[in-house]
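Take a look at the structure below.
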Amino acid sequence: MSQLIDGKQIAKDIKDELKKEIQQLKNSNIEPTLAVILVGEDPASQIYVSNKKKACAYVGIRSLSYELPGDVTEEELLGVIEELNQREDVHGILVQLPLPAQIEEEKILMAIHPEKDVDGFHPINVGALSIGKEGFQPCTAAGIIELLKRSQITIEGKHCVVVGRSNIVGKPVSLLLIQENGTVTICHSKTKNLKDICRQADILVAAVGKANMITSDMVKDGAVLIDVGVNRLENGKVCGDIDFENCKEKASAITPVPGGVGPMTIAMLLYNCIQSAKNGEELFV
């Protein structure tokens with residue numbers, strides 16, 4: 001039986017560690033604060049925002065909530081972000097995606113000051129990541145690295161295959177795996193011989209958003225399988241990009257869905273917010 005990588009427990013361990021850091025900051029009259037902006041009434045987004053607020057409350061981060069109507073103009077949203085950029089008592093700004101059609105997501109993400117970009121999506125933070133400098137790392141990608149490290153899985157020297165090339169997960173996790181001295185292959189929709197490449201992976205990260213796309217014949221014995229996908233089947237059940245039931249016996253370690261990578265994303269968001277409160281402008285000097 002493969003090792004089940006318990007993302008819920010590892011995320012809780014991280015949050016408990018952060019609790020102590022936050023108390024130390026509060027003793028120095030610094031209260032880490034995260035501003036969360038939700039536009040519209042998308043049910044999934046409302047759930048994500050609610051989970052982030054609960055996580056903030058658990059560790060002791062002050063959260064500010066900005067719930068804007070779905071017909072808000074781009075100019076109005078930019079105004080809210082600019083106000084938060086100027087506030088010294090706000091350390092992180094998070095705009096819940098997706099945004100309504102009348103708003104250009106890239107323009108909004110670009111408007112968040114890099115020092116408060118706790119999602120790690122601003123080009124300055126992305127650039128820092130690409131050259132190995134300090135900055136905020138995208139939360140899901142950073143969470144994957146923490147999952148591996150805290151599960152005593154060695155990355156150095158391993159062949160790491162990442163299926164998916166998104167700016168949110170695929171590209172940043174590839175860069176982080178390289179920083180940990182992994183040998184990385186990135187696969188995507190145009191990749192030929194995907195099955196053959198996946199079968200070479202010591203560590204396989206699936207981040208494409210297609211239910212059960214990675215099947216057991218694409219996995220070599222003893223591989224570590226990290227499943228980023230969250231897909232809802234017709235019967236209402238949630239599954240990942242990896243066929244868990246048929247792959248778990250071949251893998252040496254595997255993340256479940258739910259309860260694997262997902263909880264780590266919020267844990268790393270909290271971590272980034274605390275780093276902002278601790279470092280302020282020093283992070284980008």
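The values are calculated or read from the model by the stated rules, or taken from the named source; none is laboratory data. Values in this document were obtained by computation on a predicted structure and should not be read as measured data. Every residue, glycine as well, gets a Cβ built from its backbone with ideal geometry; the counts of neighbours run over all protein chains shown.
Which members of the range 117-139 meet the condition of being surrounded by fewer than 24 Cβ atoms within 10 Å (Cβ to Cβ), assigned to a helix (DSSP H, G or I) and not small (Gly, Ala, Ser)? Hits for the range 117-139 are Pro123, Ile124, Val126, Leu129.
Would you please name the residue that is nearest to Gln96 (Cα to Cα), looking only at residues in the range 17-34 that are free of Cβ contacts under 8 Å to residues at least 12 places away in the same chain and in a helix (DSSP H, G or I)? Walk me through it before giving the result.
Of the residues in the range 17-34, the ones free of Cβ contacts under 8 Å to residues at least 12 places away in the same chain are 17, 20, 24, 27-29.
Cutting the leftovers down to in a helix (DSSP H, G or I) gives us 17, 20, 24, 27.
Working: Glu17: 26, Lys20: 27, Gln24: 29, Asn27: 31 Å.
Restricting to residues being free of Cβ contacts under 8 Å to residues at least 12 places away in the same chain and in a helix (DSSP H, G or I), the top hit is Glu17.
One residue alone among Ile226, Ile178 is modelled with pLDDT of 95 or more, surrounded by fewer than 17 Cβ atoms within 10 Å (Cβ to Cβ) and either in the same structural domain as Ile145 (by TED's automatic domain parsing) or under 18 Å from Gln152 (Cα atoms) (or both), and that residue is Ile178. A residue that is free of Cβ contacts under 8 Å to residues at least 40 places away in the same chain, more than 20 Å from Lys54 (Cα to Cα) and buried (at least 23 other Cβ atoms within 10 Å of the Cβ) occurs somewhere in the range 235-246. What number of residues in the range 136-161 are touching a Leu at 6+ places or on another chain (Cβ under 7 Å) and closer than 20 Å to Ile214 by Cα? Counting residues in the range 136-161 that are touching a Leu at 6+ places or on another chain (Cβ under 7 Å) and closer than 20 Å to Ile214 by Cα gives 3.
Might you let me know whether the range 68-85 holds any residue that is assigned to a loop (DSSP other than H, G, I, E, B) and at positive phi? No, the range 68-85 has no match at all.
Residues of the range 61-79 that are touching a residue at least 24 places away in the same chain (Cβ under 8 Å) and more than 30 Å from Gln24 (Cα to Cα): Glu67, Leu68, Pro69, Gly70, Asp71, Val72, Thr73, Glu74, Leu77, Leu78. Filtered by the rule that a residue be hydroxyl-bearing (Ser, Thr, Tyr) and either surrounded by 23 or more Cβ atoms within 10 Å (Cβ to Cβ) or in contact with a helix residue (DSSP H, G or I) (Cβ under 7 Å, 6 or more places away or on another chain) (or both), the range 247-267 gives Thr255, Thr265.
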